[in-house]
Amino acid sequence: MKQYEVVMGLEVHVELATQSKLFCSCSAKFGAAANEHVCPACAGMPGMPAVLNKRAVELGIAAALVTNSEITPVMTFDKKNYFYPDLPTGYQITQINAPICRNGRLEIETGAGKKTITLKQIHIEEDAGKLVHDARTGTTLVDFNRTSVPLIEIVSNPDFRTAEEVVAYLEKLRSLLSFAGVSDCKMQEGSMRCDVNISVREAGSGVLGTRTEIKNMNSLKAIAAAIAFEAQRHIDALETGRETLVQETRRWDDALGESFSMREKENATDYRYFPNPEILPVRLDGAWIEQIRSALPEPAREKFLRMTGELGLPEVDSRIITGSKNLSDIFDRTLASYGNPREVVNWIIVELLAIAKGDNKGEDDVSVDCVKFAKLIELVDGKTINRSVGKKILQKILQDGVDPEAYVAENNLGLVSDTGLIDRAVQTVLSENEKSAAEVRGGNEKAVGFLMGKLMKSLGGKADPKLVNERLRYWLTGGGL
Amino acid sequence: MVYLDDSILQAGKIASAGSKMLRNFAAPFDAEVVTRLNEPCERAVLGEFGLEPPKSLPDGVLLCNDVFGHVRTVVAERGLCSLRPTYGTVSRYGLIPTACSMDQIGVVCRTPAEGFSLLARIAGHDEKDGAMFPDARYSYEKPAQAPRLHREALPYADLVEPVFHILAYAEISGNLSRYDGVKFGYRAENYKTLEELYTKTRTEAFGFETKLAAVMGCLALSQDHYAALYDKALRARRLIRDSLRFDLYDVLVLPVESRLPVLAGLPSLTFRGVQLAAGVKNEGALLAAWEALS
């Protein structure tokens, strides 16, 4: 059997983390009710000239910097013309002739080692709206909230050979862009989307095969599955000749695990690109770029090295924290209020993420008031309360935003470390559970847990477990007799 | 009384730009010039998107965006004054766009002094228009001494007309595509598909000149003709702009119109030589972004 090589290039769309849209002052926030973030400009009404969002350009420059791209000295915008109801003006403002940057490169690492992926260009453009099909009434409705939300499209060269490389690249991009504050890069919410251009050729051939483009994958898993399916479809077509490959766009159906032709018209759409006269050329001068470069936040890799080095934290924990910009921010902010990195990491990974998981939230969605969180950790660390009380208060902080110190005082949750009080409780519990006490004395360590449980309960869960254990053992072994 | 071209928005009032497509379009906000004028204005419906000659001009000062020069022709026939300010000096916030690189609100008035005093009130930077000069002021005073005159040939005079039309049509074709019957404005009845909704709406609501501009503009931008038409016109525009010697001269004096006014019972006359110069006068000013006074 012949050996085949899969060749892939990626087009990744990333929504820029601006407050407002690319050419008007509407909010660019995700998740509002349909058509809540719409003004005459982004609804396509005539009379509002496009005014470029400066912040979007700055985030574009940040993206150029973290991808080692060559920034264009004077960038321009173009109009891409086509008719579709989700595009209210009938044209998309994008960059064709002079995009913000070109010739970037990124290093990725897979099981096969390190590899450099080269980028053709990154350009800024506006997003389109969303069509909502109502199967019940057979009508289609338009939601313009996403219209004109700023995007960058990162176009790679056809440098990918395996799905593993594609996934590694997307993870690297996500880390670089989210840490630079360019985007939150959430695939599920569509703020990071990836189209894969794929072709298959005989190994060693210098000629590329027929290319198809697959769209509509909203997770890394779906991307890997789509690549596997599409590559096999190409190989089958080449092997058996039962299907002739045509250059086309295909939609991935994740539920069915198959790609489907989007059946575009025979003659490719002519987008009639031309320079947009409404928006003046934008000079990206060195001083501005340097200002943005010097304000770039610490990238994940450097933060990881600082955490494992200077802060002396375990690699496993540091990797979890730096795997998400959101966790990383929580770590930084909490650490700023309470300077014990080991405990802060511990509370984020063990407690905060566990509660978040119960609420169906992941690393990127969990949120907490970091000042209160830090105070709570300090209270536990300083033995004002015990850890299990601390966990309960963390729940309260997340749900009701309580102030931990005030909450402890109001509910009398302070750690019980009064030895006299604990001793009296031990004596009561031992006299009520003579059988278990006898078992422990006979060498059954399991019964200690049972007695500890009874004791902690009788002390209202507030006692220092270490001290209670100590006093229990003291009384079990004869207690001063 | 100041009249506004029907392509200048006034909150709550119909702004049709002279088109059936927008005859039910109530403007959602005031144009910047309306805000700056801060006085009651009347509306004047001119030709559709400025592509057709106006049927009449109002009796008073008129603010309008006369890209295609039809208003200026009537103005010349009437012996009035037309003042087109430099590109990017009067805000286009609230102006229904035609050809964005040439759109500019100007004044039709009785005397230059009247026009300049109005311009002084409406000109100046506006952050709501993304393509403006940062600082622009207008004032009017008579020159202290009589001007010295020179006769000069215009090297690209014959290019002006075709270059203007290619660029203006291309740009207006893009700006017309928002009118599709989906969101606002006219919508055809009895359609089955989206394609049919688009086609019927535009067929019924656009006039001949508008359809012609859209089709010619799309042609100039199509893959097959872009290099020969649009791109070449862009280059020629730069040539024309650089050929106008405003480094040597303050003012370029040209005839406005090639035809004599139509007098009762007499045929209209056209002089070829005059027509070229008139082209430079009208469209040349647009292409080069210079101000023009007639």
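The values are calculated or read from the model by the stated rules, or taken from the named source; none is laboratory data. Remember, it's a predicted structure, so these values are computed and weren't measured experimentally. Using ideal geometry, Cβ is built from the backbone for each residue, glycine included, and neighbour counts are taken over all protein chains shown.
Observations on the structure shown:
- Scan segment B:68-96 for residues that are assigned to a loop (DSSP other than H, G, I, E, B), within 22 Å of B:LEU9 (Cβ to Cβ) and out of contact with any Phe, Trp or Tyr (no Cβ under 9 Å at 6 or more places or on another chain) and the total you get is 2.
- Flag for B:ALA113 being at pLDDT below 90 and farther than 30 Å from A:PHE23 by Cβ: yes
- Segment B:77-134, subset more than 30 Å from B:TYR230 (Cβ to Cβ) and β-branched (Val, Ile, Thr), residue nearest to the other protein chains (Cβ to nearest Cβ): B:ILE122
- Failed item in (1) crowded, with 19+ Cβ neighbours inside 10 Å; (2) not in a strand (DSSP E or B), with B:ALA113 passing the rest: (1)
- Which numbered condition B:ILE14 misses (of (1) free of Cβ contacts under 8 Å to residues at least 60 places away in the same chain; (2) out of contact with any Phe, Trp or Tyr (no Cβ under 7 Å at 6 or more places or on another chain)): (2)
- Selection of segment A:177-214 for residues being out of contact with any helix residue (DSSP H, G or I) (no Cβ under 6 Å at 6 or more places or on another chain) and of a type in the set (S, T, N, Q) yields A:GLN188, A:SER191, A:ASN197, A:SER199, A:SER205, A:THR210, A:THR212.
- Screening the candidates B:GLY106, B:GLY94 for the property of being in contact (Cβ under 8 Å) with a residue 12 or more places away in the chain and more than 22 Å from B:LEU254 (Cβ to Cβ) yields one hit, B:GLY94.
- Inclusion of A:ILE393 among residues that are outside the structural domain of A:ARG174 (by TED's automatic domain parsing), among the β-branched types (Val, Ile, Thr) and more than 21 Å from the chain's Cα centre (by Cα) is warranted.
- A:LEU313 falls short on exactly one of the conditions (1) within 14 Å of chain B (Cβ to nearest Cβ); (2) in contact with a Pro (Cβ under 7 Å, 6 or more places away or on another chain), and that condition is (1).
- Restricting segment B:7-64 to residues that are touching a helix residue (DSSP H, G or I) at 6+ places or on another chain (Cβ under 7 Å) and of a type in the set (D, E, K, R) leaves a set whose member that is nearest to the other protein chains (Cβ to nearest Cβ) is B:GLU48.
- Residue check, B:VAL75 among the β-branched types (Val, Ile, Thr), under 30 Å from B:LEU234 (Cβ atoms) and in contact with a helix residue (DSSP H, G or I) (Cβ under 9 Å, 6 or more places away or on another chain): no
- Filtered residues of segment B:183-225 (kept if among the acidic types (Asp, Glu) and either in contact with a helix residue (DSSP H, G or I) (Cβ under 6 Å, 6 or more places away or on another chain) or more than 12 Å from chain A (Cβ to nearest Cβ) (or both)): B:GLU189, B:GLU196, B:GLU204, B:GLU209
- Top-ranked residue in segment B:78-91 [being without any contact (Cβ under 8 Å) to a residue 40 or more places away in the chain and out of contact with any Lys or Arg (no Cβ under 8 Å at 6 or more places or on another chain); ranked as surrounded by the most Cβ atoms within 10 Å (Cβ to Cβ)]: B:ARG78
- For segment A:59-83, the candidate set comprises residues that are within 22 Å of A:GLU278 (Cα to Cα) and assigned to a loop (DSSP other than H, G, I, E, B); within that set, the residue that is nearest to the other protein chains (Cβ to nearest Cβ) is A:PHE83.
- Applying the criterion of at least 2 residues that are at pLDDT 95 or above to the strands (runs of 3 or more DSSP E) found wholly in segment A:116-197 leaves A:150-156.
- If the condition is being surrounded by fewer than 17 Cβ atoms within 10 Å (Cβ to Cβ) and assigned to a helix (DSSP H, G or I), then segment A:350-360 contributes A:VAL350, A:ALA354, A:LYS357, A:GLY358.
- Residue within segment A:226-237 that is among the basic types (Lys, Arg) and within 14 Å of chain B (Cβ to nearest Cβ) present: no
- Scan of segment A:20-47 for residues that are within 13 Å of chain B (Cβ to nearest Cβ), without any contact (Cβ under 8 Å) to a residue 12 or more places away in the chain and more than 27 Å from B:PHE49 (Cα to Cα), ordered by number: none
- When the residues of segment B:28-43 are filtered to those that are more than 19 Å from B:GLY124 (Cβ to Cβ) and exposed (fewer than 15 other Cβ atoms within 10 Å of the Cβ), the one that is modelled with the lowest pLDDT is B:PRO40.
- Just one of the listed residues (A:VAL149, A:VAL182, A:VAL155) is over 15 Å from A:LYS221 (Cβ atoms), within 13 Å of the chain's Cα centre (by Cα) and among the aliphatic types (A, V, I, L, M), and it is A:VAL182.
- Residue ID - farthest from the other protein chains (Cβ to nearest Cβ), chosen from residues in segment A:84-115 that are in a loop (DSSP other than H, G, I, E, B) and under 29 Å from A:TRP288 (Cα atoms): A:GLY104
Residues are listed down the side, and each one gets a yes or a no for (1) at pLDDT 90 or above; (2) in a helix (DSSP H, G or I); (3) closer than 24 Å to A:ILE321 by Cβ:
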| site | (1), (2), (3) |
| --- | --- |
| A:GLY362 | no, no, yes |
| A:SER367 | yes, no, yes |
| A:ALA374 | yes, yes, yes |
| A:GLU378 | yes, yes, yes |
| A:ILE385 | no, no, no |
| A:ILE393 | yes, yes, yes |
| A:LEU398 | yes, yes, yes |
| A:VAL408 | no, yes, no |
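- Residue that is nearest to the other protein chains (Cβ to nearest Cβ), among those in segment A:238-284 that are within 30 Å of B:ARG235 (Cβ to Cβ) and surrounded by fewer than 11 Cβ atoms within 10 Å (Cβ to Cβ): A:ALA268
- Counting only helices (runs of 4 or more DSSP H) that sit wholly inside segment B:151-241, those with at least 2 residues that are among the aliphatic types (A, V, I, L, M), under 19 Å from the mean Cα position of the chain (by Cα) and modelled with pLDDT of 90 or more are B:157-176, B:208-221.
- B:LYS128 modelled with pLDDT of 90 or more and assigned to a loop (DSSP other than H, G, I, E, B): yes
- Take the conditions (1) over 30 Å from B:ALA11 (Cα atoms); (2) within 14 Å of chain B (Cβ to nearest Cβ); (3) not in a strand (DSSP E or B); A:ALA17 misses just one of them, which is (2).
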